[in-house]
Every structure is written in C-alpha cells, then in structure tokens.
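Here is the structure we will look at, set down as structure tokens.
Rule-based calculations on the coordinates, nothing more; no lab input. Everything numeric here is computed off the predicted structure, so don't read it as measured data. Here the Cβ positions follow ideal geometry from the backbone for every residue, glycine too, while neighbour counts run over all protein chains shown.
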Amino acid sequence: MVSKKKNYIDVSPKSKLKYYFWSDPYRLPKDEPTLKLFEQKNIEFVIAFGKHTMNEKCYNKLQRLIDNNIGLNICLLDKDFAHLDNSHKFIELYKILRKNQIFNYVKEIYIDAEISNRYRRLSWNRKIAYILSSYPTKNEYQRAVEDYNYLEKLIHKDSKKLGIIKSITAPHELEKITRNVPFEKINDDITVTMVYRVPEGRKKEYNDQWFYQIAKKEGNSIFLGDIKDGYKSLKKDITICSYLRKKRIYIYDYHGFQKFSKISDLKPYKHYKIRKTNLISLKNITKIAGIEISDKFIKFFK
C-alpha cells in the first residue's frame with residue numbers, strides 16, 4: 001500500500017516465483033551438490049543454442065542437466081538477435097535441433113527478439129538515416145510474420161511452447177521502423193520482458209521506483225539482468241516482482257550469478273520499502289506517453 005504519511009511503497013511477497021537462468025552450454029553448473037540443489041528448487045535453464053554449438057560436445061553438456069532432472073529450455077541463437085530480416089534462419093535452427101535426442105527433453109523454445117546488431121552499432125545520426133530509409137515493405141513484413149508463425153506451428157506440433165524474449169514494450173510502429181520482430185502478429189505462448197536495471201552502455205542503475213513502474217505494466221514473466229558485474233538490486237527486484245504477482249523470473253546470466261550470489265539469495269525480502277517521489281513518477285509517465293505519441297505520429301505519416 002502507499003502510505004499517506006510517508007513517501008514510500010511498502011512491498012512484500014505475494015506470489016511464488018519460478019526461476020530460470022540464461023546460460024550458454026559451456027558455463028553450466030558441474031558439481032553434484034549444485035545440480036541437486038537446482039533439482040530440489042525446480043530451477044530451470046534457458047540455453048542459448050546456435051549452429052556453432054549444435055555439436056556433440058555441447059549436447060553432452062546439456063545431457064548432464066537432463067540426467068539430473070533439471071528443466072531444459074532452448075533459445076535459438078543466430079549470429080544476431082531475431083528480427084525482421086533473419087526470420088527464416090530460426091526455422092532452419094529448429095529443424096537442426098529436432099534431429100538430436102536431447103530435443104525430446106526440451107520443454108520450451110525461445111527466440112531473443114531485439115533490434116539488429118547492425119542498427120545498434122550505428123552512430124545516432126546514422127541511426128536516424130537508417131530508420132528513414134529502412135521502413136519495411138508490406139512484403140518484407142508479411143514474410144517475417146509467416147516465418148515466425150510457421151516456427152510457432154512447428155513447435156506446437158511437437159507439443160512444446162514458444163517463448164519470445166523482448167525489450168521493454170515499445171509501441172508497434174517504433175518496433176517496425178527498427179525492423180524488429182512483428183510481435184503483435186505472432187502467437188507466442190510466453191512473453192518475457194527484459195526489465196534491466198542497468199541500461200546498455202551505462203553503469204548506473206535505475207532506481208526502485210523506475211523498476212516498480214515498468215515491471216507493473218509488463219506481463220507475468222520478467223527478465224532481470226545484467227548480472228555479470230554484480231547485480232546489486234537482484235533481491236529487491238525479486239521482492240517487487242513477487243509483490244506484483246509475477247510468475248516467472250529469468251536471470252541473465254548464470255555465469256555472473258554464481259560469481260556474486262548463491263541460490264539461497266533467490267528469496268524475496270519479507271518487507272521492502274520503495275522510496276516514491278512525484279518527480280520520478282512524472283518523468284516515467286512522460287517518457288511512456290512520449291513514446292506512444294511518437295508511435296501515433298509515425299503511423300500517421302506512414
């Protein structure tokens with residue numbers, strides 16, 4: 001509840017969270033006590049898996065999780081994130097994965113849908129030029145829609161679920177101009193939103209109120225990170241997510257987590273207070289409203 005006398009939000013756990021760790025095949029837990037703990041806690045892995053790791057050595061590493069009754073999920077990995085221009089490659093990757101015996105034990109298939117690395121590496125002035133010149137044609141857009149929905153049909157035919165990992169929700173047209181995955185046209189089963197405290201290229205974390213406001217408007221599955229340099233707010237964010245009755249927490253990544261934390265840390269605080277200021281609320285609301293207005297502006301001129 002929000003106190004009338006003090007400027008804070010008092011949060012405490014309300015939902016039981018299920019945890020998933022992102023990892024590559026090379027840096028999975030090896031010792032038996034840790035593997036046994038994962039099994040006891042019902043913690044699962046999402047393994048980033050691409051052509052370069054679809055080999056016997058990596059399959060054997062995944063088999064170790066299977067042998068220890070640890071939930072195994074695969075995120076198909078191209079040389080780039082999933083976006084509008086490489087949609088066909090994920091169908092190819094999925095068909096390769098199906099040929100190995102570990103496929104029978106895979107529960108869910110994910111794609112990491114973000115703007116392309118090509119766009120990310122551009123300077124700001126070139127990004128603007130790229131956006132103005134690269135708005136997808138109707139045929140390009142439709143092709144990607146068909147590819148991703150065909151992937152979804154293949155996955156469902158194998159009695160598995162499709163998950164999409166995506167950035168904090170942006171309106172449709174803003175995703176489209178950066179040639180991102182056509183989200184609203186794909187029938188995914190699980191949408192996982194990356195609510196990262198530390199934005200790309202920065203060191204300073206966003207504050208508790210920012211995380212609370214953003215996580216509140218997203219779905220039941222939240223991706224937390226980046227933990228590689230020590231994620232100071234992990235326990236706070238777990239508490240906030242439980243208070244908001246989220247169901248699933250995905251953590252990027254296991255290698256960073258095990259350097260700085262323990263499995264016992266995956267437990268919300270009994271009570272936690274989020275400092276609340278009207279200025280921060282206004283800034284967050286204004287930013288969200290600005291994005292939505294920009295989306296309508298682009299749609300009008302397109």
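See the values below:
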{"read-out": "Pairs from Lys107/Lys216; Lys57/Lys259; Lys89/Lys166; Lys176/Lys273; Lys138/Lys204 whose Cα-Cα separation, in the structure shown, is over 29 Å", "value": "Lys176/Lys273; Lys138/Lys204"}
{"read-out": "In Hz, Karplus ³J(HN,Hα) per residue of segment 10-26 (6.51, -1.76, 1.60; θ = phi - 60°; x = Gly, Pro)", "value": "8, 10, 8, x, 10, 10, 8, 8, 9, 10, 10, 10, 7, 7, 8, x, 7"}
{"read-out": "Magnitude of the charge dipole, the chain, Cβ model with Lys/Arg +1 and Asp/Glu -1, debye to 20", "value": "1200 debye"}
{"read-out": "Bridge type composition, the chain - antiparallel percent by DSSP, nearest 5", "value": "10 percent"}
{"read-out": "The chain: most fluctuating residue of Lys107, Lys216, Lys204 per GNM, C-alpha cutoff 10 Å", "value": "Lys204"}
{"read-out": "Exposure proxy ranking, count of Cβ atoms within 10 Å, fewest first, for Cys75, Cys241", "value": "Cys75, Cys241"}
{"read-out": "Global form of segment 1-63, assessed from the alpha-carbon gyration tensor, a/c cut-off 1.5", "value": "prolate"}
{"read-out": "Positive-end residue, segment 1-119 charge dipole about Cα centroid, Cβ charges, pick of Ser23, Thr34, Ile9", "value": "Ile9"}
